[in-house]
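Reviewing the structure listed below.
The values are calculated or read from the model by the stated rules, or taken from the named source; none is laboratory data. In this text the structure is predicted, and so the values were computed from the model without any measurement. Positions of Cβ are generated from backbone atoms using ideal geometry, with glycine treated the same way; all protein chains shown enter the neighbour counts.
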Amino acid sequence: MSISVQGITKVFANKRNKKSVNTVLKDISFDVNEGEFVSLLGPSGCGKTTTLNIIAGFLKQDGGRIVVNGKEVSKPGPDRAFVFQNYALFPWMKVGENIMYPMKMKGIPKKEREQRLQKLLEMAQLQDYANYYIHEISGGMKQRVSLLRALACDPDILLMDEPLGAVDFQMRQLLQVQLENIIQGSNKTALMVTHDVDEAIYLSDRVIVMSRDQGRILADIAIELPRPRDRKDERYHQYMNQLSDVLRAALNGGVKTKGDEELLEFVQKTESREDTRVTFPQKSALQE
Ligand SMILES: Nc1ncnc2c1ncn2[C@@H]1O[C@H](COP(=O)(O)OP(=O)(O)OP(=O)(O)O)[C@@H](O)[C@H]1O
Ligand SMILES: [Mg+2]
């Protein structure tokens, strides 16, 4: 299934000054083709979550259209599963019940639900936690449960808002590989928000960078590397350099949140390797 974001505008009331409004997104357009994995990067407040919420149908836009597989959508649907930035798990249910909930809603028989649950739990190394309540597990575990719940119904489209942001480094790399396998093996379409540039390059076919200037798209970069990706590949580093340049411009000195700090740290790290840096050829130069 494909996603087409066509000229989306979103205006919020300004809570400090009732007379003015805050245009968070203005005329934003991009496509995610069937089977593609696209990441959204950008500083805090640039409208990444808002964009994802509009595509999911949780939030109504003030202009423009969302087209999924050729049809305009305005409501949430089972074709689009969502992994929330703040997990959004049901605290009164246990881990296993949370993951099985969407399968139950879809009418999947109990036996099959339980089989799928086991597979999913194993994938994220959570098989010992099915009977824990949500408040009894760590933040990183909650995030993994949230991801498993989205995968439970085998959706065509996965919308993920920083799905691995709270997961520690080793588990994160493991889940990146699992996520890649699931998505590549099934022709799913994925749109993921992340503050981790390496994660974006590792997983994505394309990386889109948004700015705080009403969500304006600063770059839409195709990552043309064979899979599974080799982090030691010179071209991998060229993409890192290219994204570092775009992100420096997008941050423009304004660092507000932990996510911004993560982006800034990446830019600074890349800059400190400047001496070994290979400049990535610009599109215009390639065309000449
Ligand atoms: N319900 C709302 N009412 C008013 N303003 C809102 C609402 N939701 C979001 N905003 C504003 O819209 C802007 C974009 O928010 P959004 O959550 O999309 O940013 P983001 O790019 O996901 O940031 P982060 O990286 O911090 O998660 C922010 O200025 C935010 O304050
Ligand atoms: Mg967000």
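One table, with the values for the structure above:
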read-out	value
Residue list for segment 214-249, restricted to those being acidic (Asp, Glu) and touching a residue at least 40 places away in the same chain (Cβ under 8 Å)	Asp220, Glu234
All helices (runs of 4 or more DSSP H) inside segment 130-242 with 3 or more residues being of a type in the set (Lys, Arg) and under 22 Å from Ala56 (Cβ atoms)	139-151
Those residues of segment 12-65 which are without any contact (Cβ under 8 Å) to a residue 40 or more places away in the chain, more than 23 Å from Ala250 (Cα to Cα) and among the hydrophobic types (A, V, I, L, M, F, W, C), in sequence order	Ala13, Phe58
Neighbours by Cβ (under 8 Å, 6+ apart or cross-chain): first from segment 251-267, assigned to a loop (DSSP other than H, G, I, E, B); second among the polar types (S, T, N, Q)	Lys256/Ser44; Thr257/Ser44
Of all residues in segment 153-167 being among the aliphatic types (A, V, I, L, M) and in contact (Cβ under 8 Å) with a residue 60 or more places away in the chain, the one that is farthest from Ala200 (Cα to Cα)	Ile157
Subset of segment 155-174 that is within 17 Å of Leu191 (Cβ to Cβ) and more than 12 Å from the chain's Cα centre (by Cα) - its residue that is farthest from ligand 2 (Cβ to nearest atom)	Asp156
Leu59, sole failed condition from (1) farther than 17 Å from Thr194 by Cβ; (2) touching a Gly at 6+ places or on another chain (Cβ under 7 Å); (3) within 12 Å of ligand 1 (Cβ to nearest atom)	(2)
In segment 168-200, the residues that are surrounded by 23 or more Cβ atoms within 10 Å (Cβ to Cβ) and free of Cβ contacts under 8 Å to residues at least 40 places away in the same chain	Leu179
Hits in segment 82-108 (condition: in contact with a Leu (Cβ under 7 Å, 6 or more places away or on another chain) and at pLDDT below 95)	Phe82, Val83
Residue tally, condition in a strand (DSSP E or B), away from ligand 2 (no atom under 16 Å from the Cβ) and either modelled with pLDDT of 95 or more or surrounded by 15 or more Cβ atoms within 10 Å (Cβ to Cβ) (or both), over segment 9-37	10
Residue tally, condition closer than 23 Å to Gln170 by Cβ and modelled with pLDDT of 90 or more, over segment 131-142	7
Scope segment 154-201; condition within 16 Å of ligand 1 (Cβ to nearest atom) and either among the hydroxyl-bearing types (Ser, Thr, Tyr) or at pLDDT below 90 (or both); matching residues	Gly165, Ala166, Thr194
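Every residue, every condition in (1) over 27 Å from Ile182 (Cα atoms); (2) touching a Lys or Arg at 6+ places or on another chain (Cβ under 9 Å); (3) aliphatic (A, V, I, L, M); (4) at pLDDT 95 or above, yes or no:
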residue: Ser204; (1), (2), (3), (4): no, no, no, yes
residue: Glu224; (1), (2), (3), (4): no, yes, no, yes
residue: Tyr236; (1), (2), (3), (4): no, yes, no, yes
residue: Gln242; (1), (2), (3), (4): yes, no, no, yes
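The rows are residues; the columns are (1) within 16 Å of ligand 2 (Cβ to nearest atom); (2) not polar (S, T, N, Q).
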{"site": "Lys48", "(1), (2)": "yes, yes"}
{"site": "Ile55", "(1), (2)": "yes, yes"}
{"site": "Phe58", "(1), (2)": "yes, yes"}
{"site": "Gln61", "(1), (2)": "no, no"}
{"site": "Gly64", "(1), (2)": "no, yes"}
{"site": "Val73", "(1), (2)": "no, yes"}
{"site": "Asp79", "(1), (2)": "no, yes"}
{"site": "Phe84", "(1), (2)": "yes, yes"}
{"site": "Phe90", "(1), (2)": "no, yes"}
